[in-house]
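Report on the following structure.
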Amino acid sequence: MTKETKDSLVKGTLILTVAALVARFLGVFQRIPLVHLLHEGGMGSYSIAFNLYSILLVVATAGIPSALSKMVSEKYAIGRPAEAERIYRAAILFAVVAGALMTVLLYVFAPIYAEQISRGGPDATLATRAIAPAMLFFPLIAIMRGYFQGRQNMMPNGVSQVVEQIFRLVTSIGLAFILLNISLAWGVAGASFGGVMGGIAALAVMLYYAMKLKRRDAQRLKENVSHAAANETAAGHSSAPVPTVPAKYSEIYRSLLKLSIPIVIFSVTVTLVYAIDTSIIIPLLEGTIGSSEALGLVGIIGGRAQSLAGIPIILAIALSQSVVPIISAAYSRKDMKQVGHQTTRVLQLSILSGLPAVLVIAIAARPLDFFMFGHEDTAYGMSHGPYMISLLTLGAMFQIVMQTSGAVLMGMGRMKPLMLHVAVGIAVKLAGSFLLAPLFGIYGIIGSTGLCFIAMSWLNLRTLRKDVKFTILGRRFIGLIISIVVIAGLGITAEWLTHTYVQPTSLYRINEGINAVLVCGFTAALYPLMLMVTRVVTKDDVKNFPAPVQKLIGKASRLIGRRS
């Protein structure tokens, strides 16, 4: 890999990482006023609609953006821009047709899913139909993002993500606030319709960058033609280009789908698991705790727990993405030693970078929940909500391993076993939910989500070990376990002490905010210290970390050295 390629890769990864973090922050921030406006019941209806929409969105694009990125990049690399543009036009046509079809399906079948399957009631149906028009825009946006990625231009993708979330946030909250004057159902529908406005804004951004790129390409083409004509005149002869037969759209679609179907199966896993949670809570638990309490739990899962549990995965996956292309290149050269080295590196990076966020959110779940979202509406929800957030966030640790190891398998082209692992994981999720829910209630359903990710992680790693020699942490794993136990013990103690004794004001939200800062800061500070004390992180590991992390660890090491 050349220095220019590495710089481009690092720049692109940095842009997408920052955009993903900003978008995730805005997404979580959006839920705070929505929880206050819609309460648990309304958030339950909103979550049912949003999770179904998320699944259909992945299906509508069918992983084609990733496949399109690969094909466009290859065509431009070998000097065939016309073929790349024809592939892009074919993908655009697919996106328009798929988006229209999925919009109709989502609107027509909304009552069946929202009321008969998820049992969310008419409010969930109205919310689902309100977000349906977004399907017209997002398949097209996804295709355009894939094209820009193939052209190694990540800026449009990052900007569109942020703009989309800003418009979604503003319109969701604004419409929910206004339409609540009519009814709760219309308020929930207004919150869902914010996704449509976000889609329109994101599409406008992508169209702006598309027109800008088209003008630049036209200028370059004009310059190339002039340069070629000058060279031919100087040489005294002309050479006509060799005509090529344009590929049929059917051939293009066959190539795109062959690449994209395995990608979509893997990509939809987390979204599908979360949708299963919001779909089965009411059917499985309403007989025990009542339908209103069960709908409230759906609101806690979708509006609070899934939002916070999704934070640790962002940085871990973003850090590992920069290494996966290297694995793919090494595997194509049959350099298995390099594949093993990079597999070790990517797994270590994802685990060590994702674990602190998991620990911080899981330990500080109660003050984070009460400060960001406020107390749950019922005594049942209030007593269980923070624990639901903690348990789902702990499961995110295995989600990190599952997605990172799965990305390595994708880089090696091992798609068949990866698809099998997804099927096994979903089966574990469904079986675990139906078996554990009668025994442990909502915790059985959340626990089965963790079991799903554990099963997939184990299967992915087992498959990798058949072809690749790698170690995640080796003997240092014992030190990591000791670090986790110490951090959890001290962190939980600190959380109990602050919750019990730190109440400096009469406003509970302010108190919980102060407690959240204290507990999160204490837990986060313990993490690097314990890793160095137990020698989990070595100097060689630090060299693989991003520069800001290296500087932070270096300062901490010098501090420890002066005190010892």
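The values are calculated or read from the model by the stated rules, or taken from the named source; none is laboratory data. Fair warning: this is a prediction, and the values are worked out from it, not measured in the lab. We place every Cβ from the backbone using ideal geometry, glycine too, and count neighbours over all the protein chains shown.
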Of these, Thr493, Thr463, Thr498, which one is hydroxyl-bearing (Ser, Thr, Tyr), under 22 Å from Gln399 (Cα atoms) and part of a helix (DSSP H, G or I)? Thr463
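Conditions tested, residue by residue: (1) more than 19 Å from Thr269 (Cβ to Cβ); (2) in contact with a helix residue (DSSP H, G or I) (Cβ under 6 Å, 6 or more places away or on another chain); (3) in contact (Cβ under 8 Å) with a residue 60 or more places away in the chain; (4) not small (Gly, Ala, Ser).
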position: Ile445; (1), (2), (3), (4): no, yes, yes, yes
position: Gly450; (1), (2), (3), (4): no, yes, no, no
position: Ala455; (1), (2), (3), (4): no, yes, no, no
position: Thr471; (1), (2), (3), (4): yes, yes, yes, yes
position: Arg476; (1), (2), (3), (4): yes, no, yes, yes
position: Glu495; (1), (2), (3), (4): yes, yes, yes, yes
position: Pro504; (1), (2), (3), (4): yes, no, no, yes
What's the total number of residues in the range 73-92 that are modelled with pLDDT of 85 or more and exposed (fewer than 14 other Cβ atoms within 10 Å of the Cβ)? 1
Search the range 446-503 for residues being of a type in the set (A, V, I, L, M) and over 26 Å from Ile389 (Cβ atoms), and hand back the single one that is farthest from the chain's Cα centre (by Cα). Ile478
Being over 18 Å from His39 (Cβ atoms) and crowded, with 24+ Cβ neighbours inside 10 Å is the filter here, so list the residues in the range 166-192 that pass it. Arg168
Quick check on the range 454-465. Is at least one of its residues farther than 18 Å from Ile280 by Cα, touching a Lys or Arg at 6+ places or on another chain (Cβ under 7 Å) and among the β-branched types (Val, Ile, Thr)? yes
So if I check each of Leu308, Leu285, Leu272, Leu257, which one is surrounded by fewer than 17 Cβ atoms within 10 Å (Cβ to Cβ) and of a type outside the set (D, E, K, R)? Leu257
Hey, Phe434 closer than 22 Å to Met388 by Cβ, surrounded by fewer than 20 Cβ atoms within 10 Å (Cβ to Cβ), over 23 Å from the mean Cα position of the chain (by Cα) and in contact (Cβ under 8 Å) with a residue 40 or more places away in the chain or not: yes
Against the definition (within 24 Å of the chain's Cα centre (by Cα), buried (at least 24 other Cβ atoms within 10 Å of the Cβ), modelled with pLDDT under 90 and closer than 25 Å to Tyr88 by Cβ), how does Gly195 come out, yes or no? no
Taking the range 347-367 and keeping residues within 18 Å of His384 (Cα to Cα) and either surrounded by 23 or more Cβ atoms within 10 Å (Cβ to Cβ) or under 19 Å from the mean Cα position of the chain (by Cα) (or both) leaves Ile361, Ala362, Ile363, Ala364, Ala365, Pro367
